[in-house]
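Structure, as structure tokens:
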Amino acid sequence: MASTVKVRKAIKDQLATVVTAQYYQTAKEHTPAQYAVWTLTNVNADEILDQAELEIYLIDRGDDTTAIETLADNVWELFDHWAYYSEADNVGFTTYPSVRNVLAVDDNTIKQRRLTFTVRVYGG
């Protein structure tokens, strides 16, 4: 994907509107509750269109799932058919929801959700 850095910056800025703490690929050790870890992986590329997968892991601690489900709802809605275009960077893309999973963890106080989105990138 020729414009990976530009796409990543736009996604980071968009995600920051609903998630205070976010990390690309790996979280820091002892990260406080409620944060996101995300990756952008190139899936397919041709002359006109790059297709990637945006994978977002949401993590929270506690006994109640209300906060993590609310955050997952907000992130899902945020990237549901989100269209981005930057004339200055000559890059545009649209995100499409794909999968939403509850992830089981041995520690019952850790709540995790996995959201994936297809990203179709034009230009770059």
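Figures for the structure shown
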quantity: Residue in the stretch 106-120 that is part of a loop (DSSP other than H, G, I, E, B) and charged (D, E, K, R) present; calculated: yes
quantity: Residue ID - surrounded by the most Cβ atoms within 10 Å (Cβ to Cβ), chosen from residues in the stretch 74-90 that are farther than 21 Å from T17 by Cα and touching a residue at least 12 places away in the same chain (Cβ under 8 Å); calculated: D89
quantity: Single condition W38 does not satisfy, out of (1) within 12 Å of L115 (Cα to Cα); (2) exposed (fewer than 14 other Cβ atoms within 10 Å of the Cβ); calculated: (2)
quantity: Number of positions in the stretch 99-124 that are surrounded by fewer than 14 Cβ atoms within 10 Å (Cβ to Cβ) and farther than 22 Å from D63 by Cβ; calculated: 1
quantity: Lone qualifier among L58, L71 - being touching a residue at least 12 places away in the same chain (Cβ under 8 Å), in contact with a helix residue (DSSP H, G or I) (Cβ under 7 Å, 6 or more places away or on another chain) and either surrounded by 11 or more Cβ atoms within 10 Å (Cβ to Cβ) or not in a strand (DSSP E or B) (or both); calculated: L58
quantity: Qualifying residues in the stretch 1-34 (those that are charged (D, E, K, R) and assigned to a loop (DSSP other than H, G, I, E, B)) - the one nearest to W76 (Cα to Cα); calculated: K28
quantity: Any hit, the stretch 21-28, residues being at pLDDT 85 or above, on the phi > 0 side of the Ramachandran plot and surrounded by fewer than 17 Cβ atoms within 10 Å (Cβ to Cβ); calculated: yes
quantity: Qualifying positions in the stretch 76-105 - over 19 Å from T65 (Cβ atoms) and in a loop (DSSP other than H, G, I, E, B); calculated: F79, D80, H81, E87, A88, D89, N90
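The values are calculated or read from the model by the stated rules, or taken from the named source; none is laboratory data. Treat the numbers as computed from the prediction; the structure is a model and nothing was measured. For neighbour counting, all protein chains shown are included, and Cβ atoms are generated from backbone atoms with ideal geometry for every residue, glycine included.
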